[in-house]
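Notes for the one structure printed next.
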Amino acid sequence: MDDALKKKLTILADAAKYDASCASSGAPKRKAEPGGLGSTTGAGICHAYTPDGRCVSLLKILLTNYCLFDCAYCVNRRSSNVRRARFSVDEVVTLTVEFYKRNYIEGLFLSSGIIRSPDHTMEQLIRVAKTLRQRHGFRGYIHLKTIPEASPWLIEQAGLYADRLSINLELPTEASLERLAPEKDGAAIQTAMGQMGERILQAKEEKRRFAPAGQSTQVIVGADASTDESLIRTSARLYDHYGLKRIYYSAFSPIPDAASILPSKSPPLQREHRLYQADWLMRYYEFSPDDVAGATESGMLALDVDPKLAWALRNRDRFPVDVNKADREMLLRVPGLGVRAVDKIVAARRHATLRLDDVARLTSGLKRARPFLIAADYAPVRLTDRLDLRARLAEPPRQLSLF
């Protein structure tokens, strides 16, 4: 790699680090044809950790960090005094192919600042994916960040070559978008999401290829005054209306020469983590947005306990529940019991009456679950009434696992 290309890579890889929406879960399994390159698996890439703890990677870059827009929260905004660079289409293709051959990456995540026009930018992104697929037979994972203001025909073309498409919502309210990114149109963003969702659904029904891993988006946390409840309700609406596969929450990071309307420091990273946990409650634990809102205090999720425990502590009258009798929905609300543990409990109790030791063998979260459940040989004595129960179960601030 020559020095000029290396310099571009340094600048544009660093510029892409603020985009969190780059996991590849959901892509179909695929292998290259003879003479082709790459493959996908059901796991995620982009230096993400899969559920089994495996780290996988992709080339995550911007096509360029030049941009026509001047979004206050973005380090690559038009008025920002940062080093600028721009790849050609062939340079991105060459980097992807060469990095793959060296086993550095398993796929490509490509985004871009807006140059010339949204349509021109989208055309350049599509050319990269099309060249990789058609000229090089590349069968690895490709995620394209799409431009909501681009023509629907171009979005259609992008879906023919990418595994996943995404459009960043950025901020949860129209008012915040108008204040911090006045050149962006929240209605246009959501219209593009809706059109993309319709195309993905239609392609599945017709059994043809169009963004088979679906679409995702990203929301910045802490750049405005939005509460966690507001963020969660917005997320629930996006999942429901547009069939998003994933919403990513990215804690705001202060940028050089920032506008005075922005916060001077980042929100606690634990806040970002709690939002992911709340998101999982809605996606996998049958919680409604109202349930999650009921776990907040003045609209904010607690930092010392996870949202499911916060909900349980606020609904102590619903506990303890009997592991041998309770329905699956209620077992999913027991702190310390994950989806797999609950399914194992439901399956095991068909053949035997479960004792506390049996539950311990099915979950590693028994310590948190004990005050909230009953087993054949165990019943807590007014544990849920203890005033210090929250303090006993709270953990020091750190990145916790999802339930």
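The values are calculated or read from the model by the stated rules, or taken from the named source; none is laboratory data. Note that the structure is predicted; figures quoted are calculated from it, not measured. Neighbour counts run over all protein chains shown; Cβ positions are idealised from the backbone, glycine included. When the accessible area is computed, the model is the full protein with side chains, heavy atoms only, and any ligands, DNA or RNA have been set aside. Shrake-Rupley method; radii C 1.70, N 1.55, O 1.52, S 1.80 Å.
Residues that are in a helix (DSSP H, G or I) and either among the basic types (Lys, Arg) or in contact with a Gly (Cβ under 8 Å, 6 or more places away or on another chain) (or both) within region 294-315 comprise 308, 311, 314, listed in sequence order.
Would it be correct to say that residue 312 is over 21 Å from residue 217 (Cβ atoms) and buried (at least 21 other Cβ atoms within 10 Å of the Cβ)? Steps first, please.
Numbers: over 21 Å from residue 217 (Cβ atoms): yes; buried (at least 21 other Cβ atoms within 10 Å of the Cβ): yes.
When the stated conditions are applied, residue 312 passes them.
Residue check: residue 105 meets all listed conditions (1) hydrophobic (A, V, I, L, M, F, W, C); (2) modelled with pLDDT under 90; (3) open to solvent by 20 Å² or more (accessible area, probe 1.4 Å) but one, namely (3). The set of residues in region 369-378 being assigned to a helix (DSSP H, G or I) and open to solvent by 40 Å² or more (accessible area, probe 1.4 Å) consists of 370 alone.
Which of the residues that make up region 81-92 are open to solvent by less than 20 Å² (accessible area, probe 1.4 Å) and touching a residue at least 40 places away in the same chain (Cβ under 8 Å)?
At the first step, the residues of region 81-92 found to be open to solvent by less than 20 Å² (accessible area, probe 1.4 Å) are 85, 87, 89, 92.
Of everything in region 81-92, those that are open to solvent by less than 20 Å² (accessible area, probe 1.4 Å) and touching a residue at least 40 places away in the same chain (Cβ under 8 Å) turn out to be 85, 87, 89.
Being open to solvent by 80 Å² or more (accessible area, probe 1.4 Å) and either in contact (Cβ under 8 Å) with a residue 60 or more places away in the chain or on the phi > 0 side of the Ramachandran plot (or both) is true for just one of 357, 385, 317, 327. Which residue is that? Of the residues listed, the single one that is open to solvent by 80 Å² or more (accessible area, probe 1.4 Å) and either in contact (Cβ under 8 Å) with a residue 60 or more places away in the chain or on the phi > 0 side of the Ramachandran plot (or both) is 385. Search region 227-247 for residues being of a type in the set (Ser, Thr, Tyr) and over 17 Å from residue 301 (Cα atoms), and hand back the single one that is farthest from the chain's Cα centre (by Cα). Looking at the filtered set, the residue picked out is 242. Only one of the numbered conditions (1) modelled with pLDDT under 95; (2) crowded, with 21+ Cβ neighbours inside 10 Å; (3) of a type in the set (D, E, K, R) is violated by residue 279, and that is (1). Tallying residues that are in contact (Cβ under 8 Å) with a residue 12 or more places away in the chain, of a type in the set (Val, Ile, Thr) and surrounded by fewer than 24 Cβ atoms within 10 Å (Cβ to Cβ) within region 93-102 yields 2. Quick one: count up the residues across region 111-134 that are aliphatic (A, V, I, L, M), crowded, with 24+ Cβ neighbours inside 10 Å and not in a helix (DSSP H, G or I). Residues in region 111-134 being aliphatic (A, V, I, L, M), crowded, with 24+ Cβ neighbours inside 10 Å and not in a helix (DSSP H, G or I): 0 in total. For region 54-80, taking the residues that are modelled with pLDDT under 90 and open to solvent by 50 Å² or more (accessible area, probe 1.4 Å), the one that is farthest from residue 149 (Cα to Cα) is identified as 54.
Return yes or no: is residue 366 among the hydrophobic types (A, V, I, L, M, F, W, C), at pLDDT below 95 and surrounded by 16 or more Cβ atoms within 10 Å (Cβ to Cβ)? Walk me through it before giving the result.
On the way: among the hydrophobic types (A, V, I, L, M, F, W, C): yes; at pLDDT below 95: yes; surrounded by 16 or more Cβ atoms within 10 Å (Cβ to Cβ): yes.
Yes; evaluated as a whole, the condition is true for this residue.
Tally the residues that are surrounded by 17 or more Cβ atoms within 10 Å (Cβ to Cβ) and closer than 27 Å to residue 310 by Cβ, restricting the search to region 331-354.
First pass over region 331-354, keeping only residues surrounded by 17 or more Cβ atoms within 10 Å (Cβ to Cβ): 331-338, 341-342, 344-345, 348-349, 354.
Pick out the ones that are also closer than 27 Å to residue 310 by Cβ and you get 331-338, 341-342, 344-345, 354.
Residues meeting the conditions: 13.
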